[in-house]
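The values are calculated or read from the model by the stated rules, or taken from the named source; none is laboratory data. Because the structure is predicted, anything quoted here is derived from the model rather than measured. We place every Cβ from the backbone using ideal geometry, glycine too, and count neighbours over all the protein chains shown. The accessibility values were calculated without ligands, DNA or RNA, using every heavy atom of the protein model including side chains. Shrake-Rupley method; radii C 1.70, N 1.55, O 1.52, S 1.80 Å.
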Amino acid sequence: MPKEYKTPKLDELEKGPWPSFVKEIKLAAKKSEMSNDLLGQLEQSYNEKLGHWKHGGIVGVMGYGGGVIGRYSDLPDKYPSVSHFHTIRVNQPSGWFYTSDALRTICDIWEKHGSGLTNMHGSTGDMVFLGTTTDHLEPVFKDLTEAGWDLGGSGSDMRTPSCCVGPGRCEWACYDTLQRCYDITMRYQDELHRPAFPYKWKFKFAGCPNDCVASIARADISVIGTWKDDIRVDADQVKTYADEGLDIFNDVVLNCPAKCMRYDGEKKEISIDNKDCRRCMHCINVMPKALRPGVEQGATILIGAKAPIVEGALLSSVLIPFLDIDDEEEFEAFCDLIEEMQDVWCEEGKNRERVGEFIQRVGMGNFLEAVGVEPIPEMVAYPRDNPYVFYEDFYEDEDE
Amino acid sequence: MAMTVDQIADAMYKEVEEATNFGKKLKPMDLTKAMLKAYEEEGVDKKMCKSAIKNLVDSGRLVYTYFGGSYLELPHREGAAND
Amino acid sequence: MADAAPQRITDIGPPDFQQFLPPVVKANYGKWKYHEIVEPGVMVHVAESGDELYTIRAGSPRLLAIDTIRFYADLADKYCDGHLRFTSRHNVEFLTTKKENVAKIRAEIEANGNPVGGMGRSITSIVHTQGWVHCHSAATDASGVVKAVMDEVIDYFKEEKLPAKCRIALACCLNMCGAVHCSDIAILGIHRKPPRIDHKNLDKICEIPNLSASCPTAAIRPATVEGMPSVEVIEEQCMYCANCFTVCPAMPIADPENDGVSIWVGGKVSNARSEPQFSKLAIPFIPNNPPRWPEVTEAIVKIIEVWAANARPYERMGEWIERVGWPRFFKLTGIPFEKEHIDDFKHAGLSFKRSAHLTHEA
C-alpha cells in the first residue's frame, strides 16, 4: 500500500480556475510510488519554505555527457521512492509538432521507466521526463532510441536547439526555421551529447523579428528571420482595415520606430519609405492581411545572449546583418563560422564562461579578428564613446 | 612514430589519474590541450583527441561529470547519491 | 553505470519533424498568406491556396502527467486526425482544417480544465522553471507561484482586453532556466543571505581554485579553517547569486526566512516598435508565502491593472513606462522606490537619469 500523505498546503493549489500541477502530480501518484513520494516531499517544502533536492553530477547514459540531470532527495529515509529522481531531457521535434501516436509511445516508455511526470516542455525546448532511478537510465534510453528518439543537451555542450513554428504555420517565417533547427541538431549530435565546451552553447531559430522563441534573450547564436526588399502592400486590404475601423494613423503609422510610413486618410492609402524600414514587424503585426514581409528573405545572425550567471545578463548582438540561410552554400558558410567560433571560444574561454561573456572579456574587435569576420557598423548601436583604445600597431620613431 | 588514437586515449587516462590524485578535475578541452602540447610533433590533432575521448567514455574507462561545468573523471560513486 | 548493450543506438537525434506535420501544413508549407484571431484562443491561418487551418490554443500547467498527454492525444485523434503541437510557452495547440470542430475541441479541452486563450492582446501561459518540485537551487517554488498568479489573471488569458500582449515568466533562482530577464513581468526567486560553508566536506567534494573563481564579485577566498583547506566568504561582497553553490554543493545558500521573490517589469524580446530590452526591478523582495503567495499575486495584478488603464493601444509594459517615466510607474502602482532599485553593479551609471527630461506636476 502506498503511503497516503496529507497535503493541505498543496490541496489549496488544486483550487482555482487555472489547470493545477498538483492535480497532475496526484494523477501520476495513483500509478507511481515515486510521484506519491514527490507529493509528500513537496508538501514538506511548502511547510518549510525550503527545497529538498541534491544535485547529482555523474549519472547519465553510457557515452553521453548530457541529457540526464542527477537529482537526489535529501530526505531519502522519509521519501525512499524519490531517493533517486533524475531528469531526462528528450530532444523535441522541430516546432513541437507531434502525432498522437508519437506522444503515446513517449508516454508508454515513461510509464514503464519513471514517475509518469513530464514537462511539455522545458524552457530550452526539450521534453522533460521528471524523475527516475539510476538503474532505469540505460533501459529508458534503449527504449527511446529504438522508438526513434534521442536525448537533448545538458552541461557544457550544445544545448538542444529550438525554433518557432516557422513556415509550418506562419506567414511571417522568413526562412525555414524547422528545417534549419533540425539540420543544426543533426549536424552537431556529437557536440550535443559530448560536452567539450567551456559552458552551454545555445541555438534558437526565430522566423521573424517577433522572435517567438526569445532567441535574442537566451541563445548564444540567435537566428532571426528578416527581409531585404520592400514590405508587400495589398492596397485593397488597407482600405478594408480602414473601413473596419482600424485607426491606421495612430495605431500603425505613429508606432513606426523609423517614421518611414505615411498614411493618406482620404484615399486610405499607406506609403512606406522602405530604405528606412527597420524590419520591426509592428505594422505587419497589426495589419496581417494588408502587409507582408518582402520576398527577398533571410536571417540576421546575432551572438551572445545569456541570463545573469556569471557576469551579468546579455542580449545577443548583430554578427551578420543578412544571410540567406535557406541557401545551402550560405548555410555551409554559417556552419563553418560556428565551428570557427567554437574553436576560438574553446581555446581561450574560461570554465562557465558563455561566449557572450568571453566576447566582453576579450573585446568584440579581437573576437571578430580571431574568427575572421570584418567589423561593420551594423554590429554596434553606436561607436565607442570612450578614448581608451588599444592599438596593436603604432609607428616607431624611425617611421616618422 | 605517429601516435594512434588508442595511445592518445591511454595518455589522457594517465592525465586524469594523476589529476585525480591531486583532487583536480579536468575538462575535455584541458586533456586535448595537454595532448597537443605534448604530442603535436607526433601528429596528434584535435580530431584524434576527440576520438580518443569518445573511446575512453564509450568503454567506460572515464565518465562525464557535471559540477557547474562538464568534466572527465574516473568512474566513481556519486557524492550526492543516497544508499 | 549499466553495461553497454551490444547494439546500442546513439546520436540519432530527434525524429524528423516532417513526419509529424499535418497534411494541410505539408501542402501549404511556407505558403501561408495571413492569419486572424477569430475568437479568443482560436486563429485561422489562410494559405495562398485558400486552404484554412484552425488552431485552438489551451493553457496547461506545463507539469503534465502522462494521463493528461494521452488525453490530448485522444482529443487530437477525435478532431485533428491525430495532429497537435505545443508552443514555446507550454500551451497545447490543436490543429484542424474543419471549422465545425473548433467549438467541439474548445468544449472538451475546457471541460478538462484547460482554458482556451493566450493569443493576441492577452496574458499567455507563464514560462517557468522547476522550483521545489525538482530543483536543488530554488529560492522559491515555481509551479505554485505560477498557479496562484494565473488563477488571478486567467480572465486576461481567456479574453483579449489588454493594450498589448503581456508576457510573464518565473525563474526560481538567478540561473534563470527560463528567459525571465526580458519579460513584461518577471518573477525571480532570490536568496538574501551569504552561503553557509560546510568546512568539513568542502575540500573533499569541491575544487577550491574553481570555487574561488566562480564568484562574480571575488568574495570567496581560499582559507584554512580548523586545519582544513576551505574558503571564506567576504560577506559584504556577496550578492547571493548562488553560483558558488552550483559549482560546490558544500556552500548551501537556501534559507527559509530570507529566500523569496523579486518582481521585474518592462522587458521584451520582440523587435516590434521598440528594440528588445531587459526587465527592470520593480519590487526587490517579497518573502515566500506558500501555498498561494498572496503578496506576489496582489502586486502583479496591481501592476497589470495600472498598465492596462494607462497604456495606449499596442504599448507593451516597458514601452508604456518608457513614455510616462519610471517616477509615474512607481507613483501609480504605489510601489515604494528604495535603495535597492538603484544599480550598483558594473556600468551602474548608465542607468542613472542623465538628463532633465522629467515630468512635473504643477
Review point. Taking the highest mean first, how do the peptides A:38-45, A:293-300, A:7-14, A:377-384 order by number of other beta carbon atoms within 10 angstrom per residue?
Key: A:38-45, A:293-300, A:7-14, A:377-384
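Quick check: at a probe of 1.4 Å, how many percent of the accessible area of chain B sits on carbon and sulfur atoms?
Details: 2320 of 4450 Å².
C and S fraction of accessible area: 52 percent.
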Revision key, fill the gap. The answer for chain B, accessible area per residue at 1.4 Å probe in Å², is 54
Practice item. In whole Hz, with x marking every Gly and Pro, tabulate ³J(HN,Hα) for region A:172-185 from phi via Karplus 6.51 cos²θ - 1.76 cosθ + 1.60, θ = phi - 60°. Key: 9, 5, 8, 7, 7, 4, 4, 5, 5, 5, 5, 4, 5, 4
Exercise for review: Please identify, among A:S316, A:S271, A:S222, the residue showing maximal mean-square fluctuation in a Gaussian network model of chain A using a 10 angstrom Cα cutoff.
Suggested key: A:S271
**Study point:** Euclidean distance between Cα centres, region A:325-400 to region C:309-327, Å
**Key:** 37
Study note, to complete from the structure: Interface buried area A-C, accessible surface with 1.4 Å probe, both sides summed, nearest 100 Å², comes to 10300
**Study point:** Student exercise, chain A dipole from Lys, Arg, Asp, Glu Cβ charges, in Debye to nearest 20
**Key:** 2720
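C:R8 to A:D11: FRET efficiency via 1/(1 + (r/R0)^6), r the Cβ-Cβ distance, R0 41 Å, to the nearest 0.05? Before the final figure, lay out the partial values.
On the way: r = 44 Å, r/R0 = 1.08.
After rounding to 0.05, the efficiency reads 0.40.
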Point to revise | Isolated Cys residues of chain A, judged by Cβ distance under 4.7 Å to other cysteines | key: A:C107, A:C170, A:C174, A:C208, A:C256, A:C260, A:C277, A:C280, A:C283, A:C335, A:C346
Study note, to complete from the structure: Contact order relative to length for chain C, counting C-alpha pairs under 8 Å separated by 6 or more residues, stands in percent at 12
Exercise for review: Please find, in a Gaussian network model of chain C (springs between Cα atoms separated by less than 10 Å), the residue of C:I105, C:I342, C:I126 whose mean-square fluctuation is greatest.
Suggested key: C:I342
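Let me know the mean shielding of A:245-251 by other chains, meaning the per-residue number of their Cβ atoms within 10 Å of its Cβ.
Taking the mean over all residues of the peptide, I get 1.
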Check your understanding: ³J(HN,Hα) across region B:58-75 via Karplus (A = 6.51, B = -1.76, C = 1.60, θ = phi - 60°), whole Hz, x for Gly/Pro?
Key -> 5, 7, x, 5, 10, 10, 6, 10, 9, 9, x, x, 8, 10, 10, 9, 5, x
Revision key, fill the gap. With the dipole of region C:5-97 defined by +1 on each Lys or Arg Cβ and -1 on each Asp or Glu Cβ, the option from C:V38, C:T10, C:H90 whose Cα lies farthest towards the positive pole is C:T10
Point to revise | C:G178 long-range amide H proximity, modeled H, under 5 Å | key: none
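How would you classify chain C from its alpha-carbon gyration tensor, with a ≥ b ≥ c the square roots of the eigenvalues: rounded for a/c under 1.5, else prolate if a/b is greater than b/c, otherwise oblate?
Details: a/c = 2.24, a/b = 1.32, b/c = 1.70.
Since a/c reaches 1.5 but b/c is at least a/b, the shape of chain C is classed as oblate.
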Check your understanding: Leaving out same-chain residues fewer than 8 places away, which lysines sit with a Cα under 16 Å from that of A:K9?
Key -> A:K23, A:K26, A:K49, C:K147
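What Kirkwood Rh does region B:5-82 have if only Cα atoms enter the pairwise 1/r average? Answer in Å.
Values: mean 1/r = 0.0784 Å⁻¹.
One over the average 1/r among Cα pairs gives 12.8 Å for region B:5-82.
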**Study point:** Hypothetical label at C:I234: residues of region C:334-362 whose amide nitrogen lies under 20 Å (7 Å Cα-Cβ projection)
**Key:** C:344-348
Practice item. Quick one: what are the phi-derived ³J(HN,Hα) couplings along region A:203-212, Karplus 6.51/-1.76/1.60 with θ = phi - 60°, whole Hz, x for glycine and proline? Key: 10, 9, 10, 10, x, 8, x, 5, 6, 5
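Going by a ≥ b ≥ c, the root eigenvalues of the Cα gyration tensor, does chain A fall in the rounded group (a/c under 1.5), the prolate group (a/b larger than b/c) or the oblate group? Let's see the in-between values first.
Values: a/c = 2.16, a/b = 1.40, b/c = 1.54.
Cα axes put chain A in the oblate bin.
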Point to revise | Set of lysines with alpha-carbon distance to C:K31 below 16 Å, sequence-local pairs under 8 removed | key: A:K289
Review point. Cysteines without a disulfide-compatible partner in chain C, using Cβ under 4.7 Å as the rule?
Key: C:C80, C:C135, C:C166, C:C172, C:C173, C:C177, C:C182, C:C215, C:C238, C:C241, C:C244
Check your understanding: Any idea what the dipole of the protein assembly as shown comes to, in debye rounded to 20, about its Cα centre with Lys/Arg Cβ at +1 and Asp/Glu Cβ at -1?
Key -> 2860
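What is the Cα convex hull volume of region A:157-296 when expressed per residue in Å³? Walk me through the numbers before you get to the answer.
On the way: hull volume 15.4 nm³, N = 140.
Normalising the Cα hull of region A:157-296 by residue number yields 110 Å³.
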Study note, to complete from the structure: Whole-number value, in Å³ per residue, for the convex hull of the alpha carbons of region A:232-292 is 70
Revision key, fill the gap. Scoring only Lys, Arg, Asp and Glu (+1, +1, -1, -1) among other residues with Cβ under 12 Å from the Cβ of C:I197 yields -2
Study note, to complete from the structure: Residues meeting the amide H criterion for B:Y71 (H placed from the backbone, H to H distance under 5 Å, 5 or more places apart or on another chain) are B:T65, B:Y66
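Taking N as the number of residues in region A:8-146, what value does Rg over Cα atoms divided by 2.2 N^0.38 Å take?
Values: Rg = 15.3 Å, N = 139, 2.2 N^0.38 = 14.3 Å.
My calculation over the Cα atoms of region A:8-146 gives 1.07.
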Study note, to complete from the structure: The long-range amide H neighbours of A:A196, using H built 1.01 Å from N in the peptide plane and a cut-off of under 5 Å, are A:M158
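Find, to one decimal place in angstroms, the Kirkwood hydrodynamic radius of the protein assembly as shown, where the mean of 1/r is taken over every pair of different Cα atoms and then inverted.
Values: mean 1/r = 0.0358 Å⁻¹.
The answer is 27.9 Å.
Given a 1.4 angstrom probe, I'd like the percentage of the accessible area of region C:249-347 that is carbon and sulfur, rounded to a whole number.
Numbers: 2480 of 4440 Å².
Carbon and sulfur atoms account for 56 percent of the accessible area of region C:249-347.
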Point to revise | Cα-based Rg and Dmax for region A:290-332, where Dmax is the largest Cα-Cα distance (Å) | key: 14.7, 45
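In terms of the Cα gyration tensor, with a ≥ b ≥ c the square roots of its eigenvalues, is region C:12-111 rounded because a/c is under 1.5, prolate because a/b exceeds b/c, or oblate? Let's see the in-between values first.
Values: a/c = 1.75, a/b = 1.20, b/c = 1.46.
It comes out oblate by the Cα gyration axes.
I'd like to know how region C:10-49 sits against the 2.2 N^0.38 Å rule of thumb: what's its Cα Rg over that expected value? Mind showing how you got there, number by number?
Working: Rg = 14.3 Å, N = 40, 2.2 N^0.38 = 8.9 Å.
Rounded to two decimals, the normalised Rg is 1.60.
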Point to revise | Stretchable slack from C:F71 to C:S212, in nm (0.36 nm times residue separation minus alpha-carbon distance) | key: 45.8 nm
